[in-house]
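Scroll down for the structure; my scribbles are underneath it.
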Amino acid sequence: MRNILIHGLGQNNQSWCNTVTYLKKNGIESICPSLYEITNNTLLNYKNLYDEFSDFCNNQEEKVNLCGLSLGGILALDFAKEYPEKVNSIILIGTPYKIPKALFKVQNLIFKMMPKRTFEKMGCSKRKFITLVNSMCNLNIAKDLNKIKCKSLILCGAKDNVNMESAKLLNNSIKNSKFKIISNSSHEVNVDNPKELSNIIYNFWKDNQ
């Protein structure tokens, strides 16, 4: 089984470093692709990002366990809908049930005022990042959730008030999914509490091999 950790919009693959270390201590190997690197030669919008990500997953010789935070969770959901035979399980962390368009507009204004170096630290140009955010405004995340048949775990940070209701809606919409709250963490659970997160991921993957 190939274990893939998928970072969020404002993160990069290094955001998973501590989680990867804890998982490795438990004997679990995982990989963390950089979403901005796999789309390096294409226009960075959601469709192209998903296409590159799905190619990455389909090129794995084994079935995959996907664990995604926020944007990473959306990608995991879309891949599990389209290629159910390739997915063994999914873990969704702080993943929206519906795109908050008003919040996206406010965030976009903030992004436009932020310096370029902030985005470069993530491995993405400011222009590409804003283009990606704009392309996500009309995503219908809740569509076809009934197609998700694999083992599913929904996680949310205890302080992630923005996504808590979404986590519950995903849990109710995805058949036989489980739901857990991660203590001492906000939206970026992989940064705020990687040890507890890694223990939960380990137990879920171990039980669903």
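The values are calculated or read from the model by the stated rules, or taken from the named source; none is laboratory data. As the structure is a prediction and not an experimental result, all values here were calculated from the model. Please note: Cβ atoms are built from the backbone with ideal geometry, for glycine as well, and neighbour counts cover all protein chains shown.
For the range 1-35, enumerate the residues that are of a type in the set (S, T, Y), under 18 Å from D207 (Cβ atoms) and more than 16 Å from the chain's Cα centre (by Cα). The one that is of a type in the set (S, T, Y), under 18 Å from D207 (Cβ atoms) and more than 16 Å from the chain's Cα centre (by Cα): Y22. One residue alone among K86, K63, K101, K25 is among the basic types (K, R), touching a Cys at 6+ places or on another chain (Cβ under 8 Å) and either modelled with pLDDT of 95 or more or more than 16 Å from C137 (Cβ to Cβ) (or both), and that residue is K86.
Check whether at least one residue in the range 122-132 is touching a residue at least 24 places away in the same chain (Cβ under 8 Å), in contact with a Lys or Arg (Cβ under 7 Å, 6 or more places away or on another chain) and either surrounded by 13 or more Cβ atoms within 10 Å (Cβ to Cβ) or among the β-branched types (V, I, T) (or both), and report yes or no. Steps first, answer last, please.
Filtering the range 122-132 down to residues touching a residue at least 24 places away in the same chain (Cβ under 8 Å) leaves 122-124, 128-129, 131-132.
Now narrow it down to the ones that are in contact with a Lys or Arg (Cβ under 7 Å, 6 or more places away or on another chain): none.
No, every residue in the range 122-132 fails to be touching a residue at least 24 places away in the same chain (Cβ under 8 Å), in contact with a Lys or Arg (Cβ under 7 Å, 6 or more places away or on another chain) and either surrounded by 13 or more Cβ atoms within 10 Å (Cβ to Cβ) or among the β-branched types (V, I, T) (or both).
Restricting the search to the range 106-161, which residues are in a helix (DSSP H, G or I), within 16 Å of I74 (Cα to Cα) and modelled with pLDDT of 90 or more? Lay out the reasoning, then the answer.
In the first step, residues of the range 106-161 are kept if they are in a helix (DSSP H, G or I); the result is 106-113, 116-120, 126-135, 145-147, 161.
Pick out the ones that are also within 16 Å of I74 (Cα to Cα) and you get 132-135, 145-147.
L132, V133, N134, S135, L145, N146, listed by residue number.
Does the range 43-55 include one or more residues that are at pLDDT 95 or above, in a loop (DSSP other than H, G, I, E, B) and farther than 23 Å from F119 by Cβ? No, the range 43-55 contains no residue that is at pLDDT 95 or above, in a loop (DSSP other than H, G, I, E, B) and farther than 23 Å from F119 by Cβ. Scanning the range 189-204 for any residue that is surrounded by fewer than 18 Cβ atoms within 10 Å (Cβ to Cβ) and closer than 25 Å to P100 by Cβ turns up nothing. All conditions but one from (1) farther than 17 Å from E188 by Cβ; (2) in contact (Cβ under 8 Å) with a residue 40 or more places away in the chain apply to L103; the one that does not is (1).
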